[in-house]
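Let me begin by presenting the structure, written as structure tokens, before commenting on it.
Every read-out reported here was derived from the displayed coordinates using simple, explicitly stated rules and does not represent laboratory data. Computed from a predicted structure; not experimentally measured. Glycine gets a Cβ as well: all are built from the backbone with ideal geometry, and neighbour counts include every protein chain shown.
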Amino acid sequence: MLGFPLPIDQLKRLEALLDEAEALLRPYGLFYADNLLTVGRMIGFLEDPSFRNALMSADPTRTFSVMAWRIHVLCWAATLGLKQPGDLVECGVLEGFSMDAVARYIDLEQTGRGLFLYDLFDGAGGVGRGVALPQHDSDLAWRVEQRFKQYSRAKVVAGFVPDSFQIAVPEQICFLHIDLNDADAETAALDSLWDRLSPGAAIVYDDFGWRSHAAQHAAATRAMAERGVSILELPTGQGLAIKP
Ligand SMILES: C[S@@+](CC[C@H](N)C(=O)[O-])C[C@H]1O[C@@H](n2cnc3c(N)ncnc32)[C@H](O)[C@@H]1O
């Protein structure tokens with residue numbers, strides 16, 4: 001659903017118009033999904049068979065595939081991170097769709113790297129901290145375990161970030177995806193993991209550029225500025241930074 005503060009009937013009308021425009025203008029590079037509308041772009045990642053395979057295998061029901069451009073950014077950042085030593089980390093996993101697509105794209109098993117997945121996985125979805133989502137049921141942790149059991153070095157860590165880093169944490173990190181929907185927890189995650197990030201590691205904030213997540217934008221900007229790093233705001237709503 002579009003993130004404009006409009007009455008629901010006007011939002012629905014706007015969405016219908018954009019759907020119609022997309023059908024008409026797709027041959028001219030129109031992309032419309034995930035609150036992102038572009039015209040005349042290459043959108044080359046959707047033509048990449050490795051990317052398409054990863055996306056479709058991770059999301060056979062196409063529930064999450066609207067996030068294709070965001071996933072493309074994650075795949076690119078993880079590939080960059082793999083040039084440095086360390087494991088991959090995601091803080092805020094939910095169903096694990098994003099990192100499943102990334103793991104398939106980079107062929108995680110073949111890289112020999114670890115993948116650490118941190119989430120509360122509680123039925124309430126971290127109410128009072130993050131935002132409860134429909135996927136937060138009592139089977140969520142089990143579903144994520146099943147999803148990643150094909151990878152010998154994937155570790156699903158249930159618990160409150162940053163406290164759950166006590167359970168398991170990589171020595172070195174080459175890629176960090178922060179998606180906790182909670183400014184304080186995201187700052188605490190960065191504080192805890194910063195020294196473990198290899199120079200050249202890629203850090204992606206999922207919600208950095210979303211108006212609905214302004215507190216996270218302010219917290220991430222401040223936390224990175226303290227370390228002399230600026231975050232690149234991407235049209236997808238993500239923020240990208242590289243550990244110096
Ligand atoms: C937006 S979802 C993550 C989506 C996922 N990265 C994806 O791409 O599909 C945010 C998740 O953060 C988790 N969360 C929020 N605060 C947390 C905390 N302090 N510790 C651990 N998990 C937390 C919630 O349980 C929720 O599943």
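In table form, for the structure just shown:
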read-out	value
Leading residue at positive end of dipole, region 65-242 (Cβ point charges), from Leu140, His217, Leu115	Leu115
Cα long-axis angle, helix 97-106 against the chain (0 to 90 degrees, to the nearest 10)	80
Per-peptide average of other Cβ atoms within 10 Å, ordering 72-78, 62-68, 106-112 highest first	72-78, 62-68, 106-112
For region 72-79, Karplus couplings with θ = phi - 60° (6.51, -1.76, 1.60), whole Hz, Gly/Pro x	4, 4, 5, 4, 5, 5, 5, 4
Interchain or long-range residues, amide H under 5 Å from Val157's placed H	Leu117, Tyr118, Asp119
Around Leu234: net Lys/Arg minus Asp/Glu count, Cβ-Cβ under 13 Å	-3
Peptides 185-195, 43-53, 6-16 ordered by average Cβ neighbours within 10 Å, highest first	185-195, 43-53, 6-16
Hz values of 3J(HN,Hα) by residue in region 12-21 - Karplus curve (6.51, -1.76, 1.60), Gly and Pro given as x	5, 4, 4, 5, 4, 5, 5, 4, 5, 5
Counted charge near Cys174, where neighbours are those whose Cβ lies closer than 12 Å (Asp, Glu -1; Lys, Arg +1)	+2
Kirkwood-Stokes translational diffusion coefficient of the chain, alpha-carbon pairs, 10 °C, 1.306 mPa s, µm²/s	85
Rounded tilt (10° steps) of 214-225 against the dominant C-alpha axis of the chain	50
Cα-based Lys proximity count in the chain, under 28 Å, for pairs eight or more positions apart or on separate chains	4
Helix 183-193 vs. the chain, principal-axis angle (Cα, 0 to 90°, nearest 10)	40
Cβ-placed point charges (K, R +1; D, E -1), dipole of region 65-242 about Cα centre in debye, nearest 20	440
